[in-house]
1. Right, V23: under 15 Å from the mean Cα position of the chain (by Cα) and in contact (Cβ under 8 Å) with a residue 24 or more places away in the chain or not?
2. Identify the residue in the range 1-20 that is in contact (Cβ under 8 Å) with a residue 40 or more places away in the chain and part of a loop (DSSP other than H, G, I, E, B) and, among all such residues, is surrounded by the most Cβ atoms within 10 Å (Cβ to Cβ).
3. Among what's in the range 43-56 and is out of contact with any strand residue (DSSP E or B) (no Cβ under 7 Å at 6 or more places or on another chain) and within 23 Å of R2 (Cβ to Cβ), pick the residue that is modelled with the lowest pLDDT.
4. Provide a single number: the residues in the range 76-108 that are farther than 11 Å from L54 by Cβ, at pLDDT below 90, small (G, A, S) and in contact with a strand residue (DSSP E or B) (Cβ under 7 Å, 6 or more places away or on another chain).
5. I'd like the residue in the range 47-65 that is in contact (Cβ under 8 Å) with a residue 60 or more places away in the chain and surrounded by 13 or more Cβ atoms within 10 Å (Cβ to Cβ) and, out of all such residues, is farthest from the chain's Cα centre (by Cα).
6. Considering the range 109-141 alone, what residues qualify as being out of contact with any strand residue (DSSP E or B) (no Cβ under 7 Å at 6 or more places or on another chain), closer than 17 Å to P59 by Cβ and modelled with pLDDT of 95 or more?
7. Could you look through the range 90-141, keep only residues that are over 22 Å from H46 (Cβ atoms) and among the charged types (D, E, K, R), and pick out the one that is surrounded by the most Cβ atoms within 10 Å (Cβ to Cβ)?
8. Tell me which residues, restricted to the range 31-46, are part of a loop (DSSP other than H, G, I, E, B) and surrounded by fewer than 16 Cβ atoms within 10 Å (Cβ to Cβ).
Amino acid sequence: MRRDDFVGVKIVRGLKGRVPKHVMLVESETVPESFIEPIVSFSPTHILMIDAGLLGLEPGEARFVESFKVWQESTVPISTHALPLRIFCEYVAKETGAEVALLIIQPGRTDFGEWLTVKAKRAAHELICILPKILQETSPR
């Protein structure tokens, strides 16, 4: 309901059925902490969170950010999650031993509304096409 803030969910939905079995997709919206137990049970070696965040980029631009940098650098991504992502990332990394990274997409609009802007929709489409190829190249545990 906050326009481009939905881009992460859009990407995860677009990846369903397109990723290898060793990849677990979680559509957590604003409450990733509700999925800690299933994530820990899956025993991941790597965790990639995909979210909209304010990085001062052009709308639709995406950046990989190592989770520890979320709270160490001056350009901290801001999001609408109930639990700040930095706390979630720190906790899930501790519980799983996995490497955690974020894929942050700069939103264009986050006002109330149901549709992604053209730039966010384009970014989502590109990432839905690219990520399965990258994930296919990773070796199973």
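1. So V23 fits the description; yes.
2. We begin by selecting, within the range 1-20, every residue in contact (Cβ under 8 Å) with a residue 40 or more places away in the chain; these are 1-8, 10-11, 14-15, 18-20.
Okay, now just the ones that are also part of a loop (DSSP other than H, G, I, E, B), so 1, 18-20.
On the way: M1: 8, R18: 15, V19: 17, P20: 12.
Here the answer is V19.
3. Here the answer is L54.
4. Number satisfying all stated conditions: 1.
5. That would be P59.
6. L116, T117, V118, K119, K121, R122, A124, H125, E126
7. At the first step, the residues of the range 90-141 found to be over 22 Å from H46 (Cβ atoms) are 106-122, 125.
From what's left, among the charged types (D, E, K, R): 109, 111, 114, 119, 121-122.
Values: R109: 16, D111: 9, E114: 8, K119: 19, K121: 15, R122: 13.
By that ranking, first place goes to K119.
8. Residues of the range 31-46 part of a loop (DSSP other than H, G, I, E, B): 31, 43-45.
Selection gives V31, S43, T45.
The values are calculated or read from the model by the stated rules, or taken from the named source; none is laboratory data. For clarity, every value in this text was computed on a predicted model and none was experimentally measured. Note that each Cβ is placed from the backbone with ideal geometry, even for glycine, and that neighbours are counted across all protein chains shown.
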